[in-house]
Each structure stands twice: as structure tokens, then as C-alpha cells.
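Read through the structure below, which is laid out as C-alpha cells, and then see the notes.
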Amino acid sequence: MTADNHASGPVVRNAWPPRSGLPTLLAAVCGRWTHAGLSGRIVHPCWVLDYCFEPAGICRVGRPARAWKERPARVGHLYPPGCPYWEDTRSVRRRLHGAYITFLGGEAAGLGALVANRCGYARILDPEDLLGARLRQTAEAGQAGGEAGFWPAQAGLYALIGLLLGAERTGEEVWRLGGAAGAPAEPSLGMSVRAYLEEHLTEPVALAEIAEHLGVSVSSLSHRYKTETGETPMAARSRLALNAARALLLKGAALKQIAAETGFCDVYHLSKAFKRAEGLSPRAWLKSLAGGLRPSPP
């Protein structure tokens, strides 16, 4: 980095060597979904950053002989392509609250250094919710503008990589971001509506029910939520249901189970909504990820 003095003031120039194979976002999901119990062996052909905002049971990484480890709140797991893992969420008594991104090109970004250990993955401790907040922003950025939403979401991926590369190593596969967590901020109306929708994703929900729960009128709820978020509560509900469907699909759940856990009447209605949002059926979208193709961002 250099600074040149001119009449108009110093000009800061930055120069870096060229990079090939830059990371590309495949999917970004954030929300709540019903836990799937004990999973089978999960393997992805791409990089995966899996994050839990609340305790999410236990998991095992690498091979069946490995010990199970707890997934406490504010912990992310970074899996390189081909890394097998198992999840056991049978102890979870509420809907899982997590975020999940898949992407290509992690090696070019230098993420290989984080997973170069005997365990084959990285466990990221996030006490200040830095990683969690950025994952949520990345998933929500991808909602805007259809295909154009890919670019703000892609920028979010690069910000996430910057956070990961700045983590401090504290164990064999354990890395830490930031310090002690601060006091949580007061939730906005939009956050409160979202939390209610996520908690009742499998049930029919009416505007009047949400308004009563929050102690506001229906008209005030609709106006304030639209002003704050740019969408209606019912549009948000549909989006959250599809986000949860994407997450469960990536976890290997059957379409019938996904439809039941995300509030769709049946597989037909799930597939119809999925194709309207993605341009692909659920199975075709999943195959496009395995083939390294980028579907429309969530």
C-alpha cells in the first residue's frame, strides 16, 4: 500500500497479486427448521459453513470411530469438499436455528489452512455473533433483486472469508473470533415477526394472530413491517419456508418430510413453490449443486 501526495490530497493505492479460482457462492440459508434426529453420513462436493445460533445437539466429523462433539450456540463448522460428517439432534427440544452456506473456491481463498489438521475441518467459536450476523446478512442479501441478488450475497461470502481468515487458533481444529459476547440488542418489530414466523413455520399463521402476539393492530403491523423490511409478513413466511426447505434438502431429508416441516400441504405444493423461486425442481436444484453449477441464490 502506498500514498502519493497530490494537490487534492494523498491517494492510497493497493495492489495484490492476481488470483484464480476465486470463491463463488452456491447457496445461502438462514432460519429455523425441525430437527431431523440422527442423520446418515453427509458429504458435500463443495465447501460448507454450517452455523448454529442455539444448541444443536451433537455431531461427528471424519469417520464413524470419531467421538461425538456437542454443537453449542454460536459455533460454526467449516467443512472442505468431501469431508464426511454426521448429526444427532434428538436432544433438541425446539426448532433448530441455524445458517448454512455452500461455496466453491475455498482453497484459493486460503481456507485450507483452517482445515489442515487431523480432524479435517474447522470449528469456529463466535462469542460476539460476528459470524452469525454476517451469515444472516448474506442469506438475506441474496433475496433482493432475483438473479441480481447474487452479487450482494457474493460480497457477503467474501466478508465471511475475511472473518474466518482473521480467526485465532485455540486448539487442534478450534478457532475463535472476537472476545466475550456483548449485551443483545433490543429486537425490532421485523425481528420479532421473523422469530414468530420461524417458530410457527409448520402451522397456518394469520396476520391477526401475529399482531395479537406482538400487541399491535393488523394495519400497524403490516405498515411497519413493510417499511422496515420491504416485504409483507406473508411474503416473509413464504421465503422462510423455502429457506428451511433448502437447508433440509442439503441435509438429505426426503421431500415428504421437508414439505411437512416447512408448512407446505404436500410434495406437489413444495415442488411448485420451489420451482417458482429457483427455476428448478428441488431435486434438480440439488443436482446442480453437486455438478458445481450455481442456481439462483436463495
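May I ask you to order 64-76, 114-126 by the average number of other C-beta atoms within 10 Å around their residues, highest value first?
For the peptides 64-76, 114-126, the packing ranking is 114-126, 64-76.
What list of ³J(HN,Hα) values in whole Hz, one per residue of the stretch 21-29 in order, does the Karplus curve 6.51 cos²θ - 1.76 cosθ + 1.60 (θ = phi - 60°) give from phi, with Gly and Pro shown as x?
Whole-Hz 3J(HN,Hα) from phi for the stretch 21-29: x, 4, x, 10, 6, 9, 7, 9, 9.
Once the principal axes of the Cα atoms of the stretch 232-282 are found, what is the range along each, listed largest first in whole angstroms?
Principal extents (Cα only, largest first): 30, 21, 19 Å.
Kindly point out which whole DSSP H helices in the chain project their C-alpha atoms 20 angstrom or further along the helix axis while averaging a Kyte-Doolittle hydropathy of 1.0 or above. All intermediate terms of the calculation are to be shown ahead of the outcome.
Values: long enough: 150-165 (22 Å, 1.48); 233-250 (26 Å, 0.68).
Both cut-offs are met by 150-165.
Could you work out how far apart the two model spin labels at residue 227 and residue 269 are, taking each label as a point 7 Å from the Cα in the direction of the beta carbon, and quote it in nm?
Placing both labels 7 Å beyond Cα along the Cβ direction yields 3.3 nm.
Using θ = phi - 60° and the Karplus form 6.51 cos²θ - 1.76 cosθ + 1.60, what ³J(HN,Hα) does each residue of the stretch 103-111 get, whole Hz, x for Gly and Pro?
7, 10, x, x, 5, 4, 7, x, 6
For the stretch 24-176, what's the radius of gyration and Dmax over Cα atoms, in angstrom?
14.7, 46
Give me 271, 188 ranked fewest to most by other Cβ atoms within 10 Å of their Cβ, as a rough exposure proxy.
Numbers: 271 19, 188 13.
If I rank by nearby Cβ atoms, fewest first, I get 188, 271.
Can you sort 85, 268, 158 from fewest to most other Cβ atoms within 10 Å of each residue's own Cβ?
Result, fewest neighbours first: 268, 158, 85.
Most exposed first by the Cβ proxy, i.e. fewest other Cβ within 10 Å, how do 131, 249 rank?
Details: 131 24, 249 21.
Ranked by crowding around the Cβ, least crowded first: 249, 131.
Give a residue-ordered list of calculated ³J(HN,Hα) values for the stretch 33-49 (Karplus: 6.51 cos²θ - 1.76 cosθ + 1.60, θ = phi - 60°; whole Hz; x for Gly, Pro).
Each residue's phi maps through the Karplus curve to give 8, 5, 5, 9, x, 9, 7, x, 5, 10, 9, 10, x, 9, 6, 9, 10 Hz.
Sketch the reach of a paramagnetic label on residue 213 as a point 7 Å from Cα along Cα-to-Cβ, and name the residues of the stretch 247-280 whose backbone nitrogen lies under 18 Å away.
Within reach of a label on residue 213, which here means backbone N under 18 Å from a point 7 Å along Cα→Cβ, the stretch 247-280 contributes 261-264.
Distance cut-off 31 Å, Cα to Cα: go down the list 69/226; 69/256; 226/287; 226/275 and report the pairs above it.
Violating the 31 Å Cα-Cα cut-off are 69/226; 226/287.
Taking 8 Å as the Cα distance limit and 6 or more residues as the minimum spacing, I'd like the relative contact order of the chain as a percentage. Write out the running numbers ahead of the final one.
Working: 529 pairs, mean separation 58.2, N = 298.
This gives 20 percent for the chain.
For residue 44, what residues show an amide H to amide H distance below 5 Å, using hydrogens built from the backbone and excluding near sequence neighbours?
Distant-sequence amide H within range of residue 44: 82, 83.
I'd like the FRET efficiency for residue 172 and residue 220, computed as 1/(1 + (r/R0)^6) with the beta carbon distance as r and R0 of 45 Å, rounded to 0.05.
Once rounded, the FRET efficiency stands at 0.30.
Past the 24 angstrom mark, what percentage of all C-alpha to C-alpha distances in the stretch 189-290 do you count?
Working: 1523 of 5151 pairs.
I get 30 percent for the Cα pairs in the stretch 189-290 exceeding 24 Å.
What is the set of long-range amide H partners of residue 121 at a cut-off below 5 Å, with H atoms built 1.01 Å from backbone N?
Amide H neighbours of residue 121: none.
Once you put a point 7 Å from the Cα of residue 165 and another 7 Å from the Cα of residue 238, both along the Cβ direction, what distance in nm separates them?
Using points 7 Å along Cα→Cβ, the separation is 3.9 nm.
Taken together, the values in this text are just the output of simple stated rules run on the coordinates, not laboratory data. Predicted, not measured: the structure shown is a model, and the values here were computed from it. Cβ coordinates were reconstructed from backbone atoms using ideal geometry, including for glycine residues, and neighbour counts include every protein chain displayed.
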